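First the structure, in the form of structure tokens, and then the observations on it.
What follows is calculated from the coordinates using simple rules that are stated; it is not laboratory data. Quantities reported herein were computed from a predicted structural model and do not represent experimental measurements. We place every Cβ from the backbone using ideal geometry, glycine too, and count neighbours over all the protein chains shown.
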């Protein structure tokens, strides 16, 4: 039997079936992303989709590095996010100091996300190898 949690007139927040779990993107935007210690690292700013495959490539994390400056943005490979299906939330295996060492970007100056060299650099930051 399908289970739904409906909090608005939009896509139900969570839908689960026998082999499928769906989550509307609107629910994710602005959601806090925590690490495995429960520390808030920032908020989910946006999602980058590969239009050729239709798959999500990156989540963009807004990291508040100071109280006066706008947050820095960081691309996080989608595979690096850990799903908590019971809470319909994601977390990430990273620390505050990790983000300070990762190349971030400003809202007004996004990197060339389709550039394979950039993708390797970002993916390598989150690889478990």
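Pop a pseudo-label 7 angstrom from the Cα along the beta-carbon direction at both residue 36 and residue 98 and give the gap in nm to one decimal.
0.8 nm
Label-point separation (nm) for residue 29 and residue 107, each offset 7 Å from Cα along Cα-to-Cβ?
The answer from the label model is 1.3 nm.
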